[in-house]
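> Right, I'll just put the structure down here and ask away after.
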Amino acid sequence: MNTIKFKSIGTIHSPFKDLEGMPIQPIGARGIKGEININPEYNGGLKDLEGFSHIILIYHLHLSKGHLLEVKPFLDTEKRGIFATRAPKRPNPIGLSVVKLEKIEGNTIYISNVDMVDGTPLLDIKPYIPHFDKHPNDDVIIGWFEDKYTDASSKKSDGRFKE
C-alpha cells in the first residue's frame, strides 16, 4: 500500500465547537458564517479567487476515528455502503463542501453556509464552476437520497460518528 501524505494549507473556523447539533451539509447551514486562515506560504494561491461566488473546500475530517464500510447515514434508518453516503467514517477521512465566498482579506477567507467543526484542517480549495460538474442534458439520479434530500436542510448531527 502506498503512503500518501497531505499537509494542511490552513484552518477552517466555525461556530461549531462540537459535532453534535451542527448541520450535516451546507444546505442546512445557510447563512452560518465562518472563516479560513490560510497558512502564509499559500497566500499567493488566493490570487483571483475572489472572482468566484462559491468555492469547494476539501478538508480532513480530523475528529473521525476509524472507518466503516456500512453506516446508517443521518438521513436514513437503513445501513448503506460508505461510498453511497457522505458520512465521515471513511477509509480516507476527507470532507467536501461547497460554501459561499464572502470576501478575502489578506490570508483570511470569509465564507458562509459553513457545515464544518471549528479547527478543521483545510487540504485544498477549488473554484465552484457548475458548468464543469453537470452537463445540462444529463439526467441526474440520486439513488437512495431521492426521497430524503429535502430533510438535509433541517437535519443536525447527532454525534453518531464521533467514535
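> So V140 clears everything in (1) in a loop (DSSP other than H, G, I, E, B); (2) touching a residue at least 40 places away in the same chain (Cβ under 8 Å) except one condition, right? Which one?
(2)
Residues checked against (1) under 14 Å from the mean Cα position of the chain (by Cα); (2) over 26 Å from I142 (Cα atoms); (3) among the small types (G, A, S):
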| residue | (1), (2), (3) |
| --- | --- |
| I12 | yes, yes, no |
| I27 | yes, no, no |
| I36 | yes, yes, no |
| D48 | no, yes, no |
| L57 | yes, no, no |
| S64 | yes, no, yes |
| H67 | no, no, no |
| G81 | no, no, yes |
| T85 | yes, no, no |
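> What are the pairs with Cβ atoms under 7 angstrom where one residue, in segment 6-20, is over 16 Å from V99 (Cα atoms) and in a loop (DSSP other than H, G, I, E, B) and the other, located anywhere, is charged (D, E, K, R) and at pLDDT below 95? Sequence gap at least six, or different chains.
As it stands, the answer is L19/K162; E20/D158, since those pairs meet every condition given.
> Name the pairs whose Cβ atoms lie under 7 Å apart, with the first residue in segment 83-103 and farther than 25 Å from N37 by Cα, the second among the hydrophobic types (A, V, I, L, M, F, W, C) and assigned to a strand (DSSP E or B), and 6 or more positions between them or separate chains?
T85/V71; A87/V71; K89/V71
> Now, a different point. Please go through segment 86-102 and give me each residue that is of a type outside the set (S, T, Y), out of contact with any Ser or Thr (no Cβ under 9 Å at 6 or more places or on another chain) and closer than 14 Å to P127 by Cα, ordered by number.
Those that are of a type outside the set (S, T, Y), out of contact with any Ser or Thr (no Cβ under 9 Å at 6 or more places or on another chain) and closer than 14 Å to P127 by Cα: L96, V98.
> Could you run through segment 98-120 and say how many residues are in a strand (DSSP E or B) and crowded, with 22+ Cβ neighbours inside 10 Å?
Step one: of segment 98-120, the residues in a strand (DSSP E or B) are 98-105, 108-112, 120.
Narrowing further to those that are crowded, with 22+ Cβ neighbours inside 10 Å: 99, 109, 111, 120.
Residues that pass the stated criteria total 4.
> Now a separate question. For segment 14-54, which residues satisfy the criterion of being closer than 20 Å to S64 by Cα, surrounded by fewer than 18 Cβ atoms within 10 Å (Cβ to Cβ), touching a Gly at 6+ places or on another chain (Cβ under 8 Å) and modelled with pLDDT of 85 or more?
Of everything in segment 14-54, just one residue is closer than 20 Å to S64 by Cα, surrounded by fewer than 18 Cβ atoms within 10 Å (Cβ to Cβ), touching a Gly at 6+ places or on another chain (Cβ under 8 Å) and modelled with pLDDT of 85 or more, namely P15.
> Need the failing condition index for I9 against (1) out of contact with any strand residue (DSSP E or B) (no Cβ under 7 Å at 6 or more places or on another chain); (2) among the aliphatic types (A, V, I, L, M); (3) under 14 Å from D124 (Cα atoms), just the number.
Result: I9 passes all but (1).
The values are calculated or read from the model by the stated rules, or taken from the named source; none is laboratory data. Not measured: the values here are computed from a predicted model. Methodologically, a virtual Cβ is constructed for each residue, glycine included, from the backbone with ideal geometry; neighbour enumeration extends over all protein chains shown.
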